[in-house]
Each structure stands twice: as structure tokens, then as C-alpha cells.
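First the structure, in the form of C-alpha cells, and then the observations on it.
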Amino acid sequence: MNQTINEKVFDEFSNNEKLEEVKDFIKNKGLNQALIVPNFENFDYNSIKELLVDLKELSKNGLVEFITPTSTQAHFLKGKKDELRDFLIVEQDKLYGSYKGIIIFVTVIHSENIEAGFSWVLPRENNVVIIPDGFFHGHTYLHEISHALGLEHTFSTTNSNDVTIEIMKKNITIYKDNIEKRQEFVNRYKNNKSTEIINFSDKTKKSVKEIREEGNAEIKNQNKLLVEEESNLNDTIIVSNKYYFPQASTDNIMDYGKNYDTNILNSNTVNNTFHKYQILLIQDGLKITLK
Ligand SMILES: [Zn+2]
């Protein structure tokens, strides 16, 4: 008898022994290094909630690229990860509301080049981790949870973030400039009566009242963008790697080991250590998640 995709995933979860192994790894060979004691809520077979999604609908929205009937995997588009996260955040909100903690989706939805899991490092408020089907290795869970708490890969150079940081700094300059120019423009009419009509060189007319209202609204809007971008910049700087290690050169949880093979991955032998700065980062990230 053919199993549905959901049945396949949930069948694997019914093996509580595997699930206990995962929990043990996360708790006793992972987060304990950061003095974090995880509380596994709804992390056993009987309490796992099933989230039914309409894959056709996801496909229509471009979140899922294709579904092959012979495959148990669906793929989400590259570059659509953020949309998928937004979708999952809305869906989990329906299920868990304002749950404080990390939510793990065990799913059949893959990115084409995904290894074993996925999580967003930024925004730091992110608390969604995606684990594709068939992966029951504590390492994968710990690695993805660590991403969600704010850790980048140890082998990702700061260069990749440097580009983002430069763009953000530029945006901040633009927003500040816009605010200044708009304020200057509004100030030009500060001594005029609000009912006075101003004729502009492009033949448009506006009352001083309109100029003030539009100007202040725009300043407010630009200020909002400015505050957001300053916060993004701050977060990006915080999560940027302090040190760079070539891939497969450490036993760090955020490294990919030399013999990284998802088929032979063994929870007890793969990378699971943290650097001190990473410990401080995830402790900080946890505060945001639990806020
Ligand atoms: Zn990773």
C-alpha cells in the first residue's frame, strides 16, 4: 500500500527511541555546553501536531517548485526561502500563537540543495527550524537550532556579510538624507499660513497644510525604515563570524565535517562543539526567542 507523504514522515517519528536519541544529543552533547537546558514541549510522537498544507496552493504561490508523484520530496524554490518562512510563521501562529521557543517543522519540503535542514540566522527573532523527512540525527537538529539562535557557519567568510552590511549602511545614509531634505522643504513654509496655496514650477499646486501633512507623513515613514535598517545592521554585525575556519577543519557544530554524508551521519561522532563566542551568541539569541 502506498503511504502518503505525511504518513511516511510520521511513521518515522513513531520510533520513539530515535526521538529520544535526538533529544539526548541536543541536551547532553550540545546545548549543555552553553549551560542551556532545553525543555522539549510536544516533542514526542503523540503530541506532534500535524500541519496540513495545500501543496498545489504553495505551488501556485511559487513557494514549491514541483512535486513529482514518484518522489516523497517536494522542493521549494531557491530564493523563495523567505516567502516559505513567512508562510510557516503565519501557519505556526495559527497553531501556537505567541509560543515562546523554537518551533521545529519536520517536513517533506526541501530546497534543491538542502543537506539536512534549514533555519534562518536573521532576523534574530526567527524561531522556525525546518527538518526534511528522514533526518533523525541530533546533530542536524542542534545545528539548525544554533542557526535559529544566531550562529553562522564557521566557514562562511565575513565577506558575504560585508556586502550586506555595506548595502545597509548605504540605505541608512539614503533614509537620513531623505529625512533631512524633506524637513528642509517643510521648513521653507514654516512662516506661511496653512491655507496659503503654493504654486510649484511643475504647475502643481499645494496648500501649506498639505505640504506639512505630506512632509511629516513621509518623514515618519522614512524614520521607520531608518530604525528598521539600523536594527538589521546591528543584528547582522552581531551574527557575523568573529573568526574564519576553512570548511571541515574543526569539530564545531557550525562546520560541515570532512566526511559529511547524510546517509552515514552518526549523532555520536559528528561535530558538536561550540566556540566561546558562539556560546555567548546563542545565550543572547535565546533571550530574544523567549522574549
Ligand atoms: Zn547550516
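The values are calculated or read from the model by the stated rules, or taken from the named source; none is laboratory data. Model, not experiment: these values are computed from the prediction. In this analysis, Cβ positions are derived from the backbone assuming ideal geometry, glycine residues included, and neighbour counts consider all displayed protein chains.
Identify, from the list T157, T173, T164, the residue that is touching a residue at least 12 places away in the same chain (Cβ under 8 Å), more than 18 Å from P123 (Cβ to Cβ) and of a type in the set (S, T, Y). From the options T157, T173, T164, the qualifying one is T157.
H275 falls short on exactly one of the conditions (1) within 26 Å of V22 (Cβ to Cβ); (2) modelled with pLDDT of 90 or more; (3) out of contact with any strand residue (DSSP E or B) (no Cβ under 7 Å at 6 or more places or on another chain), and that condition is (3). N127 meets the conditions (1) surrounded by fewer than 21 Cβ atoms within 10 Å (Cβ to Cβ); (2) modelled with pLDDT of 75 or more; (3) away from the ligand (no atom under 14 Å from the Cβ) in every case but one. The failed one is (1).
Report whether or not I198 is over 19 Å from L31 (Cβ atoms), at pLDDT below 95 and in contact with a Leu (Cβ under 8 Å, 6 or more places away or on another chain). For I198, the condition - over 19 Å from L31 (Cβ atoms), at pLDDT below 95 and in contact with a Leu (Cβ under 8 Å, 6 or more places away or on another chain) - is not met.
Here's the yes/no breakdown for (1) crowded, with 17+ Cβ neighbours inside 10 Å; (2) in contact with an Asp or Glu (Cβ under 7 Å, 6 or more places away or on another chain); (3) outside the structural domain of Q283 (by TED's automatic domain parsing):
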site	(1), (2), (3)
K181	no, no, yes
K193	no, no, yes
K206	no, no, yes
E214	no, no, yes
Q222	yes, no, yes
S231	no, no, yes
Q247	no, yes, no
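Do we find that G134 is at pLDDT 80 or above, assigned by TED's automatic domain parsing to the domain that holds K23 and over 26 Å from L225 (Cα atoms) in this structure? No, not satisfied. Residues that are more than 16 Å from the chain's Cα centre (by Cα), surrounded by fewer than 18 Cβ atoms within 10 Å (Cβ to Cβ) and modelled with pLDDT of 85 or more do occur in region 138-155.
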